[in-house]
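The values are calculated or read from the model by the stated rules, or taken from the named source; none is laboratory data. What you see is a predicted model, and the numbers here were worked out from it, not measured in a lab. Note that we place each Cβ from the backbone using ideal geometry, even for glycine, and neighbour counts take in every protein chain shown.
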Amino acid sequence: MVVEGEMESNVTEPESFWDMDPAWTTTVLVVPCVVVLTAGFFYLYGLIVGLLSKTSVRNKVVVITDALSGLGKECAAVFHKGGARLILCGKGWEKLEELADDLTSTSDPTVTFPPKLVILDFGDMDSMPEAITEIMDCYGCLDILIFNSSMKVKAPAQSLSLEVDRLLMDNNYFGPVTLAKGVLPSMISRRSGHLLLVNSIQGKLAVPFRTTYAASKHAVQAFFDCLRAEVEEYGISVSTINHTFISSASEMTEAAASKSFWSLLYTRKPLGVSPDEAATEIVKTLNNKRKEVVIAPSLPKAAIYARSFFPNVFFAVMAAGVNNTVAAEKM
């Protein structure tokens, strides 16, 4: 009997949940609730932002240059569904008509407007005055102008002719600048409007073998940065979006095959930014009227700061990348 009593006295009952440390109990109960509430908040926030983005462009006149590109088509679809009065610009009339047919065939005609089409080629500066007149004649005014066009060339500086340099500058700088100047008087008189430049990250960060391309992107970036301050008093917003590059089938293949040292500075995961990601960022930028957005992974962003604060280190890294590439090509 004594032994049994001793055994019974040594047996401890398991501690119940409510008898545990109050602080620990509170943590166990509160943390899941906080996580669920936070997730619900962000879900509702995203839902509200999505709904607002669809209605924020309703009845507004939106011009998209190079609407035939991947990003142009994505933006056209988003804004068309949102009820915008679209003016789609591109170099080929037949392809513009195909795009317009695709948009109208998959939308409700009671809540959307048939897109208007304008031939626009930044490489043909002589045609710009006529194109600007056509754009302004479509609705007599415009609310949003998205500069989406871009021409790319990758080659050593000494191998590019001045003709190619001029063509790059026309497409990436003089064309957008001419169009911006053409529509500004209307925006100033109405004291409203939004100019959004879809620019490359090379408007802030120069990468080897893209001398003229980077120069044109730097130039157009500087123009719109200066313009932002000049037109703010008229209620006109100016935004720039700097991305690594908009991915396409051919660029995905090239990026996947590229192993150069500095290719990491303009690739993302490593295939660039998809058209739908860029279009979503454009909608957010228009809604929030953000002045500048950089769509890039951490390394290119760090390179931008390194270029500003540690230029000698940045130049050394760029030179090392070139030397590594040259050495690899000789092997």
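Within the stretch 92-112, which residues are within 27 Å of residue 187 (Cα to Cα) and at pLDDT 95 or above? If the condition is that a residue be within 27 Å of residue 187 (Cα to Cα) and at pLDDT 95 or above, then 96, 100 are the ones that fit. Annotation: residue 63 fulfils all but one of (1) closer than 28 Å to residue 173 by Cβ; (2) in a loop (DSSP other than H, G, I, E, B); the unmet one is (2).
For every residue, the table says whether it meets (1) surrounded by 23 or more Cβ atoms within 10 Å (Cβ to Cβ); (2) touching a Gly at 6+ places or on another chain (Cβ under 9 Å); (3) in a helix (DSSP H, G or I); (4) touching a residue at least 12 places away in the same chain (Cβ under 8 Å).
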residue: 182; (1), (2), (3), (4): no, no, yes, yes
residue: 186; (1), (2), (3), (4): no, yes, yes, yes
residue: 195; (1), (2), (3), (4): yes, no, no, yes
residue: 217; (1), (2), (3), (4): yes, yes, yes, yes
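The single condition from (1) of a type in the set (Gly, Ala, Ser); (2) over 23 Å from the mean Cα position of the chain (by Cα); (3) crowded, with 19+ Cβ neighbours inside 10 Å that residue 149 fails is (2).
Here is a check on your reading of the model: is residue 249 at pLDDT below 85 and either among the charged types (D, E, K, R) or surrounded by fewer than 15 Cβ atoms within 10 Å (Cβ to Cβ) (or both)?
Yes; evaluated as a whole, the condition is true for this residue.
Against the numbered list (1) surrounded by fewer than 23 Cβ atoms within 10 Å (Cβ to Cβ); (2) in contact (Cβ under 8 Å) with a residue 12 or more places away in the chain; (3) closer than 28 Å to residue 117 by Cβ, residue 176 comes up short only at (1).
Which of the residues belonging to the stretch 67-76 are part of a loop (DSSP other than H, G, I, E, B) and crowded, with 24+ Cβ neighbours inside 10 Å?
Correct list: 67 only.
Screening residue 154 on (1) assigned to a loop (DSSP other than H, G, I, E, B); (2) in contact with a Ser or Thr (Cβ under 9 Å, 6 or more places away or on another chain); (3) of a type outside the set (A, V, I, L, M) shows it passes everything except condition (2). A Cβ distance below 7 Å, combined with a sequence gap of six or more or placement on separate chains, defines the contacts here; from the stretch 231-251, residues that are farther than 13 Å from residue 196 by Cα and of a type in the set (Asp, Glu) reach no residue that is crowded, with 16+ Cβ neighbours inside 10 Å and modelled with pLDDT of 95 or more.
Among the residues making up the stretch 123-140, those that are in a loop (DSSP other than H, G, I, E, B) and under 19 Å from residue 174 (Cα atoms) are 123, 124. When we screen 123, 83, 70 for residues that are modelled with pLDDT under 95 and under 19 Å from the mean Cα position of the chain (by Cα), the only hit is 70.
Exactly one residue out of 147, 174 is within 17 Å of residue 224 (Cβ to Cβ), touching a Pro at 6+ places or on another chain (Cβ under 7 Å) and of a type outside the set (Asp, Glu): that is 147.
Residues in the stretch 91-112 that are under 19 Å from residue 282 (Cβ atoms) and in contact with a strand residue (DSSP E or B) (Cβ under 7 Å, 6 or more places away or on another chain): 99 only.
Condition test on residue 212, is it assigned to a helix (DSSP H, G or I), over 22 Å from residue 67 (Cα atoms) and in contact with a helix residue (DSSP H, G or I) (Cβ under 8 Å, 6 or more places away or on another chain)? Yes, satisfied.
Does residue 134 qualify as being modelled with pLDDT of 95 or more, surrounded by 14 or more Cβ atoms within 10 Å (Cβ to Cβ), closer than 20 Å to residue 67 by Cβ and acidic (Asp, Glu)?
Considered against the rule, which asks whether it is modelled with pLDDT of 95 or more, surrounded by 14 or more Cβ atoms within 10 Å (Cβ to Cβ), closer than 20 Å to residue 67 by Cβ and acidic (Asp, Glu), residue 134 comes out as yes.
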